[in-house]
């Protein structure tokens, strides 16, 4: 049996006891309120998920510094959602010599997984368009401390 701690108003809190059923836990969690996510939150999740994939060019690599400052970089995402369902369209740039079909498939998987994990949203479709192929940026050299 779990311990409960007293809180203001005489209510108790703490871990639910072992006797709670799964259905009771779900009902209790559902009665706390609801969650609404703005499209721009899902766009950010999709963009970050795409950048996690090896072979996707880092933000600004395909558009240069000015394009990145103007918000014209890759990956670019558009999300339409209703409730817990979403449709995602992504434009990405891949790095040479990574094969575009494999990178696009990995991006699709990553975006689907991350939307589910981070936002409890199921992606009905994730369309990935490879808009550019760029040279991989040289590895950053750390400045030596003198």
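I need to check one value: relative contact order of segment 36-135, counting alpha carbon pairs closer than 8 Å and at least 6 residues apart, in percent.
Details: 182 pairs, mean separation 32.9, N = 100.
Computed value for segment 36-135: 33 percent relative contact order.
Can you give the convex hull volume per residue for the Cα atoms of segment 36-135, as a whole number of Å³? Numbers along the way, then the final one.
On the way: hull volume 7.8 nm³, N = 100.
Cα-based convex hull of segment 36-135, divided per residue, equals 78 Å³.
So in segment 36-135, what percent of DSSP beta bridges are antiparallel if you round to the nearest 5?
On the way: 8 of 20 bridges.
So the antiparallel bridges in segment 36-135 amount to around 40 percent.
Evaluate the Kirkwood expression for the hydrodynamic radius of segment 77-146, namely the inverse of the mean inverse distance over all pairs of different C-alpha atoms, and round to one decimal in Å. Write out the running numbers ahead of the final one.
On the way: mean 1/r = 0.0718 Å⁻¹.
It is 13.9 Å.
No value in this document is a laboratory result; all are computed from the given coordinates. Because the structure is predicted, anything quoted here is derived from the model rather than measured.
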